[in-house]
Amino acid sequence: MAITADFPLAHRRNAATGLDFRLPGLTEPRVVFGLCLALYVVVAAVLVFVGNVLAGDGVSRVAIANRILFSRDPHLAAIGFVWSPLPNLVLLPLVALKFLWPPLVRQAFAGNLVSSLFMAGAVYQFLRFLQDIGMARARRLALTACFAFHPMIVLYAANSMSEAQLLFFLLLVVRHLGKWLREHSVGSLVATGMYLALAYLTRYEATAAAAAVLGVVGVATYFGSRGAARSRLALAAADCMIAITPFAFAFAFWALVSLAITGTAFQQFSSPYGNTAQLHAMGVAPPTPAQELDGAGLGVRWMLALEPFLPLVLVIGAIRSIFRRDLNSVALPAVLAAVVTFMFWAHSTGTIFHELRYFIVAIPFALVVLAVTLAPAQPPYRAGLRVREESHAAVRSRRDSAATSRIDAPAPVAFATGCILLMACAIPSGANAILSNSTNPDQAFQLQALLTRMPTREQQMASKRWLTERSVSSYIDSRHLPKSSILIDDFVGFVIVMTSDHPNQYVITTDRDFLLTLSAPAEFGIRYILVPPNRGRGSLDAINRQYPTLYDDGAGIGTMLKQFPDASDLQMDWRLYRVGAQQ
Amino acid sequence: MAEGRPVSPARKTVGRPPEMSNGRFLDERQRRILLALAGTWVLTLVVKPVLAITILNALITLVYVIVLLYNAAWFRQSLKVPELVQVSDWEARSIPDDELPTYTVLVAAYREGNLIADTLLMLELLDYPKDKLEIKLLLESDDSQTILAAMRALAGSQIRIVHVPAGQPRTKPKALNYGWQTSSGELVTVFDVEDIPDPLQLRRAAVAFQRLDPSVVCLQARLQYHNASQNLITRWFAAEYMTWFSTMLPALIRMGSPIPLGGTSMHVRASALRTVGGWDPYNVTEDADLGIRLHRQGFRTLILDSVTFEEANVDFVNWVKQRSRWYKGYLQTWLVHMRRPLDTWRQLGALGFVGFCVVVGAAPVLALLNPICWLLVIIWFIGHYIQIKAVFPGWIFYPAMLCMFLGNFLAFYRNLVAVRIAGRPQLIPALMLFPIYWLMMSIAAVRAFAQMATAPSFWDKTMHGLDHRRVADGSELRWQSPPISR
């Protein structure tokens, strides 16, 4: 704002150091945020406290936050370096409050609260995005509902996984990139870059989004600015750097911290607990070309299960953007398309486990494509043409004048209604997808058990996950053992340590003396060892790797004291060994 | 604008003008407190060395954390459209001459005979009614070479030579005080000999002062370099100045922080200058000090959207001399205003006080500490020495590590953004080598601290006229900011 005649007013406003202490008003996005948050928390409570539906990765993040704060050797490096740090870090404040309400950690409910918060935030950002692109109220609320009430979105809002955070940051990236394309403000480009970095620190998939943003920014600036090719190239390079530098620093930061603490920069690939090792342990072999084709087919089916009309929306969007000659309508979906494509590739080539959740980005992708298709055409991007005095009002008035041309106007009501109804079909289809064993093998039984009065055997087994670990934990607690007397690898046994009232009984993997203790348990005062069966994920257990036959015969270092048979489908029958020579 | 006009409704009453340095860095009380602290620390070091180093470590980390947070805050502010005071060419020209206030322009020169002729040319170009403009060339009375050159060039001009009596301290602020005390202008400004100011700058400032609230007593014009692309050092320097004048200072003003003024092209109401007692003759960055003292009196400073082109230092040794003088002056300024820290706090407000400490006090200290921290990091990566680990417990280690990453990120990124906002992407390759520039700053900081002890008020003269070519007239220069939105 240039200071002109209204200066005294501006002075008064800014004299108070620019801070503005007004209570937040009840705007439309805030109301929607509050309603969604309430809905997601209720669903989360039902999942956790009624159905015992716990997502393993989500629970393990709470366990990690818990061990950072409350283990025998509390230190931040216990965060682990296989997965991105942010989802664990954001849990710390809530986990620290576990003394107020033990289920926050005992039931890992802190994770569910955080994922609800982020998903409600994602809905908020989606709605703000629709406002930004000038979509009328009725259709923007309808599209927001298609997002917020999609069963997959509701489930991942409630089930404590980091998908919610990923969607939140990706939608922030889309929103600010859109703002930059419209208004060409360096601030929006900086925001885009910052949120990309946060998305990377949340999930590695964000790398694909970063590549897409780089492409969009480079192309937009190069073709949108005036002057000689050389100077346009310099401007494009500058804008690309502003967009990517935060991401690059985040990437380097995480790799260097990992290198400093663990000795390797990319634990994801090299750690014995990393994705690569897990795939190997679960017997997932590198697929043959034919299997890759099968994997791709499966991926397409799953994506269509989540968004049945995605191909149709893509066709409609493509046709409309060709007629409009509108780069914006391609640029914004491209960010999400990059992530979807990357996950699709990883799924087909067997780089990741086959899980429905990896396709969740397809949902906002379809909706963003439809949104830019139904919205009025965005003003064309022209760097340098935009003077900084140009306000939102000027942009709006240009948009209004653009609305006189039919193709640039918002889509007609009938057409928009039809499209939105198509998107609404994703709700029943998505419900079917998350409840069906063929599309959601990992979780379907658990969810079915919650909805039926007469659960089948499989459903019953699925709903008994982690109960054995809880009973192990309370059994150990009841024996009142001294500090540092039990050895356990908490990669597999995280629930045992997490639910314990006295976590300092356990010597765990991230303790700095763990490897030493593991090499000679008796000498370091270990009295008991807890060990899972040496198969599947259990074969990654550090104790099993050191003493492969311990589970079966004590490996000459201990005698079995107790077995805890697991009634769930995970079949983790824990055994407790007393350290000492075999009798 | 009459002289006797009430200066500022916001002005706080202070019993006496804020203290001047009187040529000493520390007053008696500061000296005693500092000695006591140092003594206690050394004693602790002898008894419990790990504890002593850990405490020092914690304090340093705390400083870094505060600096990081404050820098992040102003960076965020700087992304909004800046509050520059804008006066268009048309507005500046259309004001009738008889409505303009009288203006005093002070130009201090010492051993710059080679530049004087150019300087006078630039001053002649200033668009202001002759009868209201008083230009004083302040020359040291024993600097006969410059005096001769000036007298030769001055023939027939209205510029007056003022002979500043020789004697200590031989500083620019002493010369400015001497020249200003006998002048009558309602508005006062300072230019350097190598400056190329916007010819309309005085008129713009005059119009702005008439329009603005009386509490605004100072307008700092934006400084840029006309020889930015001469070599790597000038590129770095130019990028730094873009960050400073186009993003940082406007953001600081928005945050209510005092700003260190630039040494030239600051336009100030004479009445306010009188209130604060002129310049501190012993301070080697009298400009920064003046900015703080004006703010302490409740006066406000804004940035005028009008450019003065300066000559960027092209030579390494020359650059280090200049920068170490700046650092020395910043330290001096900070210490002087910390003689009564509670008064300063009360007058600047909490946020303003933090801003003052970060921008003025921490800059030289961190420039000194940065290479030590880098060295520690490298040694740690190589050897994982247990001794380093012992003095970095987790509660220091994690904040310190975060500061290192985020601090370096921010230091790099804000330059990148500033260069883009200024529309000068050609400077980006130089930014990639910016860490070398940081190292140069550290060398300057070492020199500054050494001089602080040996020659506190010694004015290390910066050589001018090393640029390749002087711009003959201002026609090819852009005096107002480019139309790029944030």
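Just one of the numbered conditions (1) surrounded by fewer than 24 Cβ atoms within 10 Å (Cβ to Cβ); (2) touching a helix residue (DSSP H, G or I) at 6+ places or on another chain (Cβ under 8 Å) is not true of B:V217; which one?
Here B:V217 meets the rest and fails (1).
Can you spot a residue in region A:154-166 that is in a helix (DSSP H, G or I), over 28 Å from A:A63 (Cβ atoms), of a type outside the set (A, V, I, L, M, F, W, C) and away from chain B (no Cβ under 14 Å)? Step through it out loud before you land on a result.
Here is the first cut: in region A:154-166, the residues in a helix (DSSP H, G or I) are A:154-158, A:163-166.
Filter again for over 28 Å from A:A63 (Cβ atoms), leaving none.
Looking through region A:154-166, none of the residues is in a helix (DSSP H, G or I), over 28 Å from A:A63 (Cβ atoms), of a type outside the set (A, V, I, L, M, F, W, C) and away from chain B (no Cβ under 14 Å).
Does region A:65-76 hold any residues that are out of contact with any Asp or Glu (no Cβ under 9 Å at 6 or more places or on another chain) and modelled with pLDDT of 90 or more, and which are they?
Passing the criteria: A:A65, A:N66, A:I68, A:L69, A:F70.
When B:Q230 is evaluated against the numbered criteria (1) crowded, with 21+ Cβ neighbours inside 10 Å; (2) in a loop (DSSP other than H, G, I, E, B); (3) in contact (Cβ under 8 Å) with a residue 60 or more places away in the chain; (4) more than 14 Å from chain A (Cβ to nearest Cβ), which criterion, by number, is the only one it fails?
(1)
How about region A:498-583: which strands (runs of 3 or more DSSP E) wholly inside it have at least 1 residues that are in contact (Cβ under 8 Å) with a residue 40 or more places away in the chain and surrounded by fewer than 18 Cβ atoms within 10 Å (Cβ to Cβ)?
Working: elements: A:528-531, A:558-564, A:574-579.
In region A:498-583, the matching strands (runs of 3 or more DSSP E) lie at A:558-564, A:574-579.
Can we say B:G113 is at positive phi and modelled with pLDDT under 90?
Against the criterion (at positive phi and modelled with pLDDT under 90), B:G113 does not qualify.
Would you check if there is a residue in region A:397-406 being modelled with pLDDT of 80 or more and in a loop (DSSP other than H, G, I, E, B)?
First, pick out the residues of region A:397-406 that are modelled with pLDDT of 80 or more: none.
Checked against the condition, which is being modelled with pLDDT of 80 or more and in a loop (DSSP other than H, G, I, E, B), region A:397-406 yields no hits at all.
Looking only at region A:306-328, decide whether some residue is touching a residue at least 40 places away in the same chain (Cβ under 8 Å) and of a type in the set (S, T, Y).
Within region A:306-328, the subset touching a residue at least 40 places away in the same chain (Cβ under 8 Å) is A:306-310, A:312-314, A:316-317, A:320-321, A:323-324, A:326-328.
Okay, now just the ones that are also of a type in the set (S, T, Y), so A:321.
Yes: region A:306-328 contains one or more residues that are touching a residue at least 40 places away in the same chain (Cβ under 8 Å) and of a type in the set (S, T, Y).
If I filter region B:163-186 for residues that are of a type in the set (K, R), buried (at least 23 other Cβ atoms within 10 Å of the Cβ) and within 14 Å of chain A (Cβ to nearest Cβ), do I get at least one hit? Give the derivation first.
Kept after step one, since they are of a type in the set (K, R), are these residues of region B:163-186: B:170, B:172, B:174.
Still in the running and buried (at least 23 other Cβ atoms within 10 Å of the Cβ): B:172, B:174.
Checking the rest, the ones that are also within 14 Å of chain A (Cβ to nearest Cβ) come to none.
Among the residues of region B:163-186, not one is of a type in the set (K, R), buried (at least 23 other Cβ atoms within 10 Å of the Cβ) and within 14 Å of chain A (Cβ to nearest Cβ), which makes the answer no.
Applying the selection to region A:453-474, what residues are out of contact with any strand residue (DSSP E or B) (no Cβ under 8 Å at 6 or more places or on another chain) and surrounded by fewer than 19 Cβ atoms within 10 Å (Cβ to Cβ)? Outline the logic, then answer.
Applying the first criterion (out of contact with any strand residue (DSSP E or B) (no Cβ under 8 Å at 6 or more places or on another chain)) to region A:453-474 yields A:453-467, A:470, A:473-474.
Passing the criteria: A:R453, A:M454, A:P455, A:T456, A:R457, A:E458, A:Q460, A:K464, A:L467, A:R470, A:S474.
Of the numbered conditions (1) over 21 Å from the mean Cα position of the chain (by Cα); (2) closer than 24 Å to A:F365 by Cβ; (3) modelled with pLDDT of 95 or more; (4) among the β-branched types (V, I, T), A:T245 fails exactly one; give the number of that condition.
In the conditions (1) over 21 Å from the mean Cα position of the chain (by Cα); (2) closer than 24 Å to A:F365 by Cβ; (3) modelled with pLDDT of 95 or more; (4) among the β-branched types (V, I, T), A:T245 misses (2) alone.
Would you check if there is a residue in region A:198-205 being away from chain B (no Cβ under 11 Å), in a loop (DSSP other than H, G, I, E, B) and among the aromatic types (F, W, Y)? Walk me through how you get there before you give the answer.
Let us first name the residues in region A:198-205 that are away from chain B (no Cβ under 11 Å), namely A:198-205.
Retained after the next criterion (residues that are in a loop (DSSP other than H, G, I, E, B)): A:203-205.
Retained after the next criterion (residues that are among the aromatic types (F, W, Y)): A:204.
The answer is yes, given that some residue of region A:198-205 is away from chain B (no Cβ under 11 Å), in a loop (DSSP other than H, G, I, E, B) and among the aromatic types (F, W, Y).
Looking at this structure, is A:A248 touching a helix residue (DSSP H, G or I) at 6+ places or on another chain (Cβ under 7 Å), surrounded by 15 or more Cβ atoms within 10 Å (Cβ to Cβ) and without any contact (Cβ under 8 Å) to a residue 40 or more places away in the chain?
Values: touching a helix residue (DSSP H, G or I) at 6+ places or on another chain (Cβ under 7 Å): no; surrounded by 15 or more Cβ atoms within 10 Å (Cβ to Cβ): yes; without any contact (Cβ under 8 Å) to a residue 40 or more places away in the chain: yes.
Taking the combined requirement at face value, the residue does not satisfy it.
Anything in region B:241-271 that is among the hydrophobic types (A, V, I, L, M, F, W, C), surrounded by fewer than 23 Cβ atoms within 10 Å (Cβ to Cβ) and over 17 Å from B:E83 (Cα atoms)? List them, or say none.
Correct list: B:A270 only.
Which residues, counting only those in region A:227-238, are buried (at least 21 other Cβ atoms within 10 Å of the Cβ) and more than 7 Å from chain B (Cβ to nearest Cβ)?
Of everything in region A:227-238, just one residue is buried (at least 21 other Cβ atoms within 10 Å of the Cβ) and more than 7 Å from chain B (Cβ to nearest Cβ), namely A:A236.
Looking at (1) more than 14 Å from chain B (Cβ to nearest Cβ); (2) surrounded by fewer than 21 Cβ atoms within 10 Å (Cβ to Cβ); (3) of a type in the set (S, T, N, Q); (4) farther than 25 Å from A:T341 by Cβ, which is the only condition A:Q267 fails?
Against the list (1) more than 14 Å from chain B (Cβ to nearest Cβ); (2) surrounded by fewer than 21 Cβ atoms within 10 Å (Cβ to Cβ); (3) of a type in the set (S, T, N, Q); (4) farther than 25 Å from A:T341 by Cβ, A:Q267 comes up short only on (2).
Quick grid of which residues meet (1) within 30 Å of B:P429 (Cα to Cα); (2) assigned by TED's automatic domain parsing to the domain that holds A:H176; (3) not hydroxyl-bearing (S, T, Y):
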residue	(1), (2), (3)
A:R230	yes, yes, yes
A:F251	yes, yes, yes
A:S258	yes, yes, no
A:L279	no, yes, yes
A:P289	no, yes, yes
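Which residue, of B:F381, B:F353, is within 11 Å of chain A (Cβ to nearest Cβ), free of Cβ contacts under 8 Å to residues at least 24 places away in the same chain and outside any loop (DSSP other than H, G, I, E, B)?
B:F381
Those residues that are surrounded by fewer than 20 Cβ atoms within 10 Å (Cβ to Cβ) and either among the aliphatic types (A, V, I, L, M) or touching an Asp or Glu at 6+ places or on another chain (Cβ under 9 Å) (or both), I need them from region B:305-319; list them, please. Steps first, please.
Filtering region B:305-319 down to residues surrounded by fewer than 20 Cβ atoms within 10 Å (Cβ to Cβ) leaves B:314-318.
If the condition is that a residue be surrounded by fewer than 20 Cβ atoms within 10 Å (Cβ to Cβ) and either among the aliphatic types (A, V, I, L, M) or touching an Asp or Glu at 6+ places or on another chain (Cβ under 9 Å) (or both), then B:V314, B:V317 are the ones that fit.
Of all residues being touching a Gly at 6+ places or on another chain (Cβ under 8 Å) and at pLDDT below 90 in region A:288-320, which is nearest to A:N432 (Cα to Cα)? Just the residue, please.
Among residues in region A:288-320 that are touching a Gly at 6+ places or on another chain (Cβ under 8 Å) and at pLDDT below 90, the one nearest to A:N432 (Cα to Cα) is A:G295.
If we keep just the residues of region A:425-444 that are in a helix (DSSP H, G or I) and free of Cβ contacts under 8 Å to residues at least 24 places away in the same chain, which is nearest to A:S568 (Cα to Cα)?
Residues of region A:425-444 in a helix (DSSP H, G or I): A:426-435, A:444.
Then keep just the ones that are free of Cβ contacts under 8 Å to residues at least 24 places away in the same chain; that gives A:428, A:435, A:444.
Values: A:P428: 29, A:L435: 19, A:A444: 14 Å.
Ranking the qualifying residues of region A:425-444, first place goes to A:A444.
Here is a check on your reading of the model: is B:Q426 part of a helix (DSSP H, G or I), within 14 Å of chain A (Cβ to nearest Cβ) and modelled with pLDDT under 90? Lay out the reasoning, then the answer.
Working: part of a helix (DSSP H, G or I): yes; within 14 Å of chain A (Cβ to nearest Cβ): yes; modelled with pLDDT under 90: yes.
In short, yes.
What strands (runs of 3 or more DSSP E) lie completely within region B:94-192 and have 2 or more residues being under 24 Å from the mean Cα position of the chain (by Cα) and within 29 Å of B:R325 (Cα to Cα)? Lay out the reasoning, then the answer.
Working: elements: B:103-109, B:133-140, B:160-164, B:187-192.
Those strands (runs of 3 or more DSSP E) span B:103-109, B:133-140, B:187-192.
The values are calculated or read from the model by the stated rules, or taken from the named source; none is laboratory data. Worth saying up front: this structure is predicted, and the values here are computed from it rather than measured. Note that we place each Cβ from the backbone using ideal geometry, even for glycine, and neighbour counts take in every protein chain shown.
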